[in-house]
Amino acid sequence: MTNLGFAQKFNFPKLIAQGDKLSNLIPKNWKVIDSAKGDLNLDNEQDIVLILEHNTAIEEDRAYGNYEIELITETQKPRILAIYFKAKNGFKLAAQNNDFVLRSEEGGTMGDPFKGLRIEHNKITLSFEGGNDWRWKLNYEFEYQQKQWNLVAANNVYYHKDSGEMVDKQYDFIDRTIKTVVGSIFKRNISNSTEEDILVFTQPRTLNDFKKPWTWEVTKDNYL
């Protein structure tokens with residue numbers, strides 16, 4: 001009798017709740033590709049944020065547009081965003097997100113779209129960039145508020161690499177405003193036009209419900 005094999009669905013590890021040193025926070029078969037330290041919960045301690053990547057590529061369903069229906073299976077290395085608060089005996093897990101960080105194959109001809117992680121003013125900023133002739137830059141800023149990680153600001157730049165034609169959308173989810181700059185990426189603040197509007201949304205996105213860049217339709221046909 002012949003046994004038929006079926007592809008086994010990849011399971012993300014559940015990160016340990018607490019560890020006394022950095023090396024103990026990293027699961028087997030995963031590695032740290034970026035990290036940042038800073039105070040995230042206003043206790044004057046150095047918390048840490050990690051970007052982890054799996055050592056081998058697997059088949060993974062990734063969202064494009066509507067997360068519920070527009071899924072594409074891709075072969076790539078999964079990534080995890082891990083946030084740890086500094087505790088008395090090491091580090092305590094504050095958040096784990098298995099979807100939000102773009103993978104190395106999701107940047108188009110520009111290669112790996114992940115362009116950095118930083119902590120400033122008690123906030124986490126994640127930056128991405130990709131595309132082909134038409135390119136995009138994305139920056140997301142999250143802050144720990146009322147025991148959840150709220151998206152407080154974002155920036156989406158779409159431009160042509162040769163002509164410099166550009167649309168730059170700057171979101172402020174605290175003041176509820178959106179500033180749109182249209183013009184040239186090569187001649188900023190010279191010939192560009194700027195409009196500012198009220199940003200209408202029902203509730204802020206958090207790391208718990210923001211599945212991936214480009215999956216939140218903030219306003220009609222306007223995705224972050």
Against the definition (of a type in the set (Asp, Glu), under 17 Å from the mean Cα position of the chain (by Cα) and outside any loop (DSSP other than H, G, I, E, B)), how does residue 99 come out, yes or no? no
Within the stretch 140-161, is even one residue without any contact (Cβ under 8 Å) to a residue 40 or more places away in the chain, under 16 Å from the mean Cα position of the chain (by Cα) and in a loop (DSSP other than H, G, I, E, B)? no
Restricting the search to the stretch 70-95, which residues are part of a strand (DSSP E or B) and either open to solvent by 60 Å² or more (accessible area, probe 1.4 Å) or in contact with a Ser or Thr (Cβ under 6 Å, 6 or more places away or on another chain) (or both)? 71, 72, 73, 75, 86, 92
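Take the residues of the stretch 210-224 that are open to solvent by 10 Å² or more (accessible area, probe 1.4 Å) and charged (D, E, K, R): which is nearest to residue 100 (Cα to Cα)?
Once the filter is applied, the top-ranked residue is 211.
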Could you list, in sequence order, all residues of the stretch 180-209 that are over 17 Å from residue 136 (Cβ atoms), open to solvent by less than 80 Å² (accessible area, probe 1.4 Å) and within 22 Å of the chain's Cα centre (by Cα)? 199, 201, 204, 205, 206, 207, 209
Within the stretch 21-42, how many residues are open to solvent by less than 90 Å² (accessible area, probe 1.4 Å) and either within 15 Å of residue 89 (Cβ to Cβ) or among the small types (Gly, Ala, Ser) (or both)? 7
Among the residues of the stretch 167-217 satisfying the criterion of being part of a loop (DSSP other than H, G, I, E, B) and of a type in the set (Ser, Thr, Tyr), which is modelled with the lowest pLDDT? 191
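The values are calculated or read from the model by the stated rules, or taken from the named source; none is laboratory data. What you are looking at is a predicted structure, and each value in this text was computed from that prediction instead of being measured. As a convention, Cβ positions derive from the backbone with ideal geometry for all residues, glycine included, and neighbour counts pool all protein chains shown. To get the accessible areas, we keep the full protein, side chains included, count just its heavy atoms, and leave off ligands, DNA and RNA. Shrake-Rupley method; radii C 1.70, N 1.55, O 1.52, S 1.80 Å.
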